[in-house]
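Please treat every number below as a calculation from the coordinates, not as lab data. Everything quoted here is computed from the prediction, not taken from an experiment. Neighbour counts run over all protein chains shown; Cβ positions are idealised from the backbone, glycine included.
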Amino acid sequence: MSAQTLIPTAKAMVAEGKGLLAMDESTPTCNKRFEKVGIPQTEEARRSYRELIVSTPGLGEFISGVILYDETIRQSGKDGTPFVKVITDAGIIPGIKVDTGAQEMAGHPGEKITEGLDGLRDRLTEYAQMGARFAKWRAVITIADAIPSRSCIEANAHALARYAALCQEAGLVPIVEPEVLMDGGHPLERCFEVTAEVLRTVFSQLYTQRVALEGMILKPSMVLPGKDCSKQDSLEEVADATVTCLLRAVPAAVPGIAFLSGGQPHELATARLNAMNLRFKTRMPWALTFSFSRAIQQPALEIWKGRQANAGAAQQALYHRARCNSAARLGRYRTEMENHVASLAS
Ligand code: 13P
């Protein structure tokens, strides 16, 4: 597959004013989030929730692509229309999560390695036939006293690069997601060092595996202090550290960088993305946008609670977060924009 066919898709995924919506929670993760708000953990509840998301009126104004899970890409709306068609008709590009999850890494207590390379070529062919145009693979890096180890970073970077090469062969744009977790009490500077090492290793492996950088999207975590760190840096400090780290480690040939939210409060994730675009807009060679799951979906999920009567209000909350993040992608988000949804939800 020539890189030329991947480039238009990659560019469309990070188009001006748009970002990605991750709705690819695995069944256990989705069930855990349902359980917290009292929603039954059934296949029908998951289908119904995903239908609410993909049928949100106007979502395509702000969302370029959605990342689906294996169960979801095979599902349809109540009227029998396949989700892939609902999504495509809304002007949104369907994508698919293809890793099979992060497992304990042998010999490396506290560290994980992402699995899913076996049989991946055939699975990618099937997803492409179903209408997916991009894919996602998430690697997880944990910061603690003596970790991450060099071996964990290298093993995960190698798997990400082999996945990305297979995606491009199948005509799918790979989203390469090395997530450095926010868990822990470490300061922002430690996250900066680890993120820089992880990104450099990932791009070295992508080069070794002959991945065309023009036909991929990077999905990193922001450079943040650990959740339990007593010093929580300002918006500007986070923006400066994150973009400085990316400028040092991410080649200019990559068309776009789309952040995960990682459990940050949703308004803070939006404000941080906005600060980066506001402060660095003219100095960044790539588009800088979002690929959030929780920071877009969480308010909608909490409003929906599994009840049809709440579906309209939940869709309004989802639309609102998509709109705020779209503004942040342009550096035009203002906290006053949040007042609007407070009045919608009450
Ligand atoms: P969060 O935005 O909730 O971190 O999820 C993004 C994602 O896709 C994780 O793989």
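The table that follows gives values for the structure above.
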item	result
Long-range HN-HN contacts of Phe290 with modeled amide H, under 5 Å	Leu20, Phe259
Three-way shape label, the chain, alpha-carbon gyration tensor, a/c 1.5	rounded
Sequence-distant lysines (8 or more away, or on other chains) whose Cα lies within less than 23 Å of Lys305	Lys32, Lys36, Lys78
Loop-resident sites, the stretch 178-219, for trypsin sites (Lys or Arg not before Pro), counting at most 12 other Cβ within 10 Å (DSSP)	Arg210
Using a Förster distance of 22 Å, the FRET efficiency for Glu16-Asn310 (Cβ separation, nearest 0.05)	0.10
Simple spin-label estimate for Gln4 and Glu189 in nanometres, 7 Å along Cα-Cβ	5.0 nm
Antiparallel content of DSSP bridges confined to the chain, in %, to 5	15 percent
Extension gain (nm, one decimal) between Thr81 and Glu61, 0.36 nm per residue minus Cα-Cα	5.1 nm
Model label zone, Ser26; criterion: amide N under 13 Å from point 7 Å along Cα-to-beta-carbon; scope the stretch 90-109	97-105
Extended-chain gain in nm, criterion 0.36 nm per residue less alpha-carbon gap, Asp70 and Lys36	10.0 nm
Trypsin sites (Lys or Arg not before Pro) within the stretch 66-175: DSSP coil, no more than 15 neighbouring Cβ in 10 Å	Arg74, Lys78
Added length on full extension, which subtracts the Cα-Cα distance from 0.36 nm per residue, Met337 to Ala45	102.0 nm
Eligible lysines near Lys18 by straight Cα distance, threshold 21 Å, same-chain separation 8 or greater	Lys85, Lys97, Lys136, Lys219, Lys281
Three-way shape call for the stretch 1-127 based on the alpha-carbon gyration tensor, with the a/c threshold at 1.5	oblate
